[in-house]
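The values are calculated or read from the model by the stated rules, or taken from the named source; none is laboratory data. Fair warning: this is a prediction, and the values are worked out from it, not measured in the lab. All Cβ positions, even for glycine, are placed from backbone atoms using ideal geometry, and neighbour counts span all protein chains on display. Remember, those area values only see protein heavy atoms, side chains included, never the ligands or the DNA or RNA. Shrake-Rupley method; radii C 1.70, N 1.55, O 1.52, S 1.80 Å.
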Amino acid sequence: MGAMRWLGRIGWLAVILGAWLLPLAAQTPIPMTPRDFHVPGTQIGDMPLANLLEPNVCRACHGNYQAADVAREPYATWAGSLMALGGKDPLYFAQVTNANQDVENVGSFCTRCHLPVAVVTGHVAQADGSTLDAHDKQGVTCHFCHSMVDPVYKPGISPPEDASILAALDAVPGYASNAMFVLDPEGRRRGPREDANPMHELIVSPFHRDAALCGTCHDVGNVAVSKQANGTYRYNAIDTESPSHDPAQQFPLERTYTEWKLSAFADGGVDLGGRFGGTRGPRVSTCQDCHMPGLAGPPCNFCDVRPDLASHEFAGAAVPSLDLIAAYTADDPAVDPAHIAAGRERALSMLQRAATIELAHDAGELIARVINHTGHKLPTGHIEGRRAWLNLRFYDSSNALLGQTGGYDLATAELDEASTTVYEMHVGLSADAAAATGLPAGTTTHMALADTIEKDTRIPPRGFDNAAYIEGGAPVVGISYADGQYWHERRYPLPVGTQHVIATLYYQTLTRHYIEALRDGNVTDNWGTLLHSLWEDTGRGAPIAMTSTTLYLVDRVFANGFD
């Protein structure tokens, strides 16, 4: 039976698993086992907990800066990021509760990325998170990242200590994905600088400048759902490890690293004129270049200033999530709201630099182009609830609004999707999956069960190639982008009397539909209800303006087309 494909043999399943097939809609989970979600790399028991330091130990030297330097402090900047706050994120806990209701043991797979210290404590074994403690909930800690070992040993480049570490593993990861991390069991701290002279041991590690380090948790496939020869996806047999740990052979849940790897940023870098990278220079290439930009600052509180210190801000697009976390942790003495506020500002700045808009007019139509300046799709990351769209507002000479596209009603938290192009990804259930689970075929919020890509209209990065993205599990679906295209362009009719147009690109992660799905689907605990309450209290996930521009059409005297 282990060789049988799960969804390819519905008759077999009906006999063996008939007790749970029909009731799944009432939250009876698919009885998958830890083996279904096993991945190579460090496992429970491979690293003694005593060898993994808590962040406050690192803070003694890499924190406690004077007020004027806090914005450059490694500890404070990390403390305001989702890396540090993963164990305080109500959105994550609502998500993983619903996932566990759909599929047994999937929560342990999620925990490896979001709360990886739980692998060292052993608490990752409880998929529902019931044994997670304060240590686990410190998120992706300083020492965790600075204990990571490159799983691909490179003679003459990799630290010699790594050979024995990798040899001791039951299975060595072959890909940078799915939290297949390897930790130095002795906890020897690692960093990329050969000229560093810290007060603790240091192993010089080129891996810490490699985007593959970030890919470890920013390329995620459902290891229980595999690609077939015809390009479709089907569930694996129950109690069977994934036949391939290549993320391109698994159903895509997040492909940020793959999107970057197949872009011009990975192929020599892109000169963006200083938009990203800080003091690293105008050409950016790796994840670290943009998300750990260079700055002038001291690496520790008694060190001299470096002109190219790597900021530990890890800013992404997490403004709404940080708002939720700030509200949730308002009375938590272990969380400094000033750190979250600073992290929010950095995330907002990142969003505001991610894209630009160009407008032109021709023959009574507006031509609107949204340009992606990131090294991955726009938007990228966790697929559920994330979207971006262009709002156009048309005004006459008296500044009266003639009409708009992509309008958003703050009172109802609803977007007029029909009038604009929404850049987003939706997953769904095939007819086979629907028959097996009792859930409707088509677009779904049951991400752990999904086996189809229903939509992916997100804007690709520079260097985009359709064939490569299809092969990598990051195809365009429901829209067309030519090879090399890193923008989206659309024409809109101009209302009669239009004098000027204001275009604003909006980004949103906490859509009403998604938050309500997490609330209404939760039959296990109160995370869904709590999340919805926090969502209400923090502005109901109001969209964030990324960038805006105005085009004036005074007597239509401006040249047509783009510069």
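At-a-glance table
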{"quantity": "Residue-count net charge about L531 - beta-carbon cut-off 15 Å; Lys, Arg +1, Asp, Glu -1", "calculated": "-4"}
{"quantity": "Charge dipole magnitude, Cβ of K and R +1, D and E -1 - the chain, Cα centre, debye nearest 20", "calculated": "620 debye"}
{"quantity": "Dipole magnitude of the stretch 71-146 about its Cα centre (Cβ charges: Lys, Arg +1; Asp, Glu -1), debye to nearest 20", "calculated": "260 debye"}
{"quantity": "Cα-based reach from K88 at 20 Å (exclusive), listing lysines while leaving out same-chain residues under 8 positions away", "calculated": "K137"}
{"quantity": "Probe 1.4 Å, protein heavy atoms only - accessible area per residue of the chain in square angstrom", "calculated": "41 Å²"}
{"quantity": "Amide H within-cut-off set for I203, under 5 Å, with H built and near neighbours excluded", "calculated": "R189, R190, G191"}
{"quantity": "Under 11 Å, Cβ to Cβ, from A310 - net charge with Lys/Arg +1 and Asp/Glu -1", "calculated": "+2"}
{"quantity": "The chain: calculated mean residue ellipticity at 222 nm from DSSP helix runs of at least 4, using -39500 (n - 2.57)", "calculated": "-7000 deg cm²/dmol"}
{"quantity": "Shape call, the stretch 87-163: gyration tensor on alpha carbons, a/c limit 1.5", "calculated": "prolate"}
{"quantity": "Proximal lysines to K227, defined as alpha-carbon separation beneath 23 angstrom and excluding residues fewer than eight positions away on the same chain", "calculated": "K261, K377, K455"}
{"quantity": "Accessible surface of the stretch 87-185 [probe 1.4 Å, protein heavy atoms]: carbon and sulfur percent", "calculated": "58 percent"}
{"quantity": "Dipole of the chain [Lys/Arg +1, Asp/Glu -1 at C-beta], most positive-end residue of A168, G539, T549", "calculated": "T549"}
{"quantity": "Prolate/oblate/rounded call for the stretch 144-293, Cα gyration tensor, a/c under 1.5 rounded", "calculated": "oblate"}
{"quantity": "Listed peptides 81-93, 517-529 by packing density, highest first (mean Cβ within 10 Å)", "calculated": "81-93, 517-529"}
{"quantity": "Positive-end residue of A342, A418, H114, charge dipole of the chain with Cβ unit charges", "calculated": "A418"}
{"quantity": "Loop chymotrypsin sites (Phe, Trp or Tyr not before Pro), the stretch 151-195, which have at most 16 other Cβ atoms in a 10 Å radius of their Cβ (DSSP)", "calculated": "Y153"}
{"quantity": "Nearest-10 value in Å² for the accessible area of C61, using the 1.4 Å probe", "calculated": "40 Å²"}
{"quantity": "Accessible-area composition of the stretch 368-496, carbon plus sulfur, in percent [1.4 Å probe]", "calculated": "52 percent"}
{"quantity": "Solvent-accessible area of T457 with every protein chain in place, 1.4 Å probe, in Å² to the nearest 10", "calculated": "10 Å²"}
{"quantity": "Cα gyration tensor shape for the stretch 452-563, rounded if a/c is under 1.5, else prolate or oblate", "calculated": "oblate"}
